[in-house]
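Report on the structure given below.
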Amino acid sequence: MNEQNRPARERVTSVDGAGRAAARRPPVRTGPTPVGEADTMFTRSLMRAQARLAFATVLSFVVVVACAIVVITAVPALDDVVFAGVPLPWLIQAYGFYPIILVHAVAYALLARRAERRFNALVEHE
Amino acid sequence: MNAVLTGVAVALVLLVTAVIGVYGLRISRTTSDFFVASRTVRPLWNASAISGEYLSAGTFLGLSGLVLLSGSDAFWFPIGYAAGYLLVLVFVAAPLRRSGAYTIPDFVHARLDSLTARRITSVLVLVIGWLYVVPQLHGAALAVNVVADIPPWIGAIGVAIVVGGSVAAGGMRSITFVQAFLFWLKLGALAVPVVFFAITFGGRETAIDPALVFPHESGPGGIDLYATASLLIALLCGTIGLPHVLVRFYTSPTGASARWTTVIVIGLISVFYMVSGTIGLIARAVAPDLAQPGVADTVALLLPSRVFPGVVGDLITALVIAGALAAFLGTSSGLVVSMSSVVSQDLFRGTVRSFRWAAVFCTAVPLLVALATVPQGLVSSVGNVFVFAASSLTSVIVLGIWWPRLTARGAIASMLVGASLSGAALAASTLLGPRADAGATLLAQPGAWTIPAAALTAIVVSMLDRRAPQNTERILGRLHRPELPPAGPQG
């Protein structure tokens, strides 16, 4: 690529095109920028809500997975249940964990969206 | 093995990759196109691309091989890889997207306002990337050696040239489309044989003895609790620390769409892992003689021609080879993109030209390492990279997003402690060789103690330091507040 047709360099500073972002958010500067106390409080409460949601999701996931592991490792009778030549514990381990992951992921994404909508409603009322 | 069909399959994959790359070159015109595809990639495309990049040769060939070799223990790897995305989703996906940074070092720099922390992060990103590319090149060497009787180094060099060249030519935009294509190719390349196997074996009553093919000791019953738990912790946390995974979130239009992208990724890779695991289960029934170290990783390539002699088997084998090639190309090119972004922004001034040179440089180093070293088991090599990433970067990224009191010194101490502890444990474990005592297990699966050690270091040092960066509130607000105004229902 030679010097003439090299495209102009463009600097991306924010989300959806610099113009729109700048219209609704103070421009990003270097050095300390004062943030209002109310703003900080709202952000912190949203962070706490999202963090609680994240930890609850992970905790629920760990508990369900631990139960599944106990079932497939500690119940020898399951070995005698055979589908298509494969014992049930093998099948659970090969296929059973992914639906658990997916269900938790969808639930988290929905709840996180709800938390953000609440936050938006709260901020707009201010 | 039909050499002509194999050649045609390889040539087709390379051709399509090149065509998409060139097409991408015509629409990738500015610096932001190069680095983050101008942030316009839709969730399904982006999710396919993330999955395409994530599913490496280690899983494509290694999972079925490990199921055949060591039994159902192998399934913990894909379960951990998929669950890793659950942690990515709940802890980092949306905030990192909103951070607006190009690379992980950018994020660390913005959050902690420290150039030293940035430099250390850059070095760690490079080390993780190189460690990850090496097994990909080893896998490529192994595959060409098995299917075509070509000297191994040709495979490694060939993949390196294609990857380095296409990244340097098209940047990330074309890579996004290439990755998305490669994902569907990988999935198809394993799903088609599985469908054929199902038709073949579904009709007749199974003649195998389940107790012999799927013995209790190799199944879930023979679990080693510490090793399994430590491995799962490392795989779960490691995904957050992988540089090529995070760079993709910067291409989602909003934080909310980054979240839905992650959910789709979990769905896509889960389907892939189920299909890949099925091949492993079939291999245990059909090809127990391949269950030897070194040979087992090639079972996905050898199985079709065993089950279907003649043209059908040759065609399916060619498809699987195309998929394996897609796996090498996908992961390596994703890693090279993220490493090149880091190198070009930290060493040069972040221009397109420096990105191109960085791409060449970042491909050449792991190629030299791959040519100089002997391949280990593919799955476990990749697993070690996860341990290292989880120990060195994950704590800092997660605490940086969620804990306002993290300081630059805390982050630096955490990265150094995590990287040196996990690096030393893995090196010691490799040098000592395979042993069975408790100490050896602690070294071979160090995740359970190195990750908490890194997190604890960050917390303790930050508490003692108390010099929180000045802009913490502003940056945390940017990370966590949803984009305004909400443009209709997102995702």
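Take the conditions (1) within 30 Å of B:Leu12 (Cβ to Cβ); (2) in contact with a helix residue (DSSP H, G or I) (Cβ under 6 Å, 6 or more places away or on another chain); (3) surrounded by fewer than 20 Cβ atoms within 10 Å (Cβ to Cβ); B:Gly158 misses just one of them, which is (2). Looking only at residues of the range B:247-273 that are among the hydroxyl-bearing types (Ser, Thr, Tyr) and under 18 Å from the mean Cα position of the chain (by Cα), we find that the one that is nearest to B:Pro78 (Cα to Cα) is B:Tyr273.
When B:Thr239, B:Thr228, B:Thr262 are checked against the criterion of being within 9 Å of chain A (Cβ to nearest Cβ), within 16 Å of B:Leu87 (Cβ to Cβ) and hydroxyl-bearing (Ser, Thr, Tyr), a single residue qualifies: B:Thr262. Checked against (1) more than 9 Å from chain B (Cβ to nearest Cβ); (2) over 12 Å from the mean Cα position of the chain (by Cα), A:Ala107 meets all criteria but (2). Pairing residues of the range B:269-298 that are assigned to a helix (DSSP H, G or I) with residues that are basic (Lys, Arg) and modelled with pLDDT of 85 or more, at Cβ distances under 8 Å and at least 6 apart in sequence or on separate chains, gives B:Phe272/B:Lys186.
Take the conditions of a type outside the set (Ser, Thr, Tyr), facing another protein chain (nearest Cβ under 9 Å), touching a Lys or Arg at 6+ places or on another chain (Cβ under 9 Å) and within 25 Å of B:Cys237 (Cβ to Cβ) and apply them to A:Ala112. Does it pass? Please lay out each step first, then the result.
On the way: of a type outside the set (Ser, Thr, Tyr): yes; facing another protein chain (nearest Cβ under 9 Å): yes; touching a Lys or Arg at 6+ places or on another chain (Cβ under 9 Å): yes; within 25 Å of B:Cys237 (Cβ to Cβ): yes.
Answer is yes for this residue.
Report, by residue number, each residue of the range A:75-98 that is assigned to a helix (DSSP H, G or I) and more than 8 Å from every other protein chain (Cβ to nearest Cβ). The answer is A:Ala77, A:Leu78, A:Asp80, A:Leu88, A:Leu91, A:Gly96.
Going through B:Ile397, B:Ile451 one at a time, which residue ends up being within 30 Å of A:Val123 (Cα to Cα) and modelled with pLDDT of 90 or more? Steps first, please.
Working: B:Ile451 fails: within 30 Å of A:Val123 (Cα to Cα).
Of B:Ile397, B:Ile451, the one residue that is within 30 Å of A:Val123 (Cα to Cα) and modelled with pLDDT of 90 or more is B:Ile397.
The values are calculated or read from the model by the stated rules, or taken from the named source; none is laboratory data. For clarity, every value in this text was computed on a predicted model and none was experimentally measured. In this analysis, Cβ positions are derived from the backbone assuming ideal geometry, glycine residues included, and neighbour counts consider all displayed protein chains.
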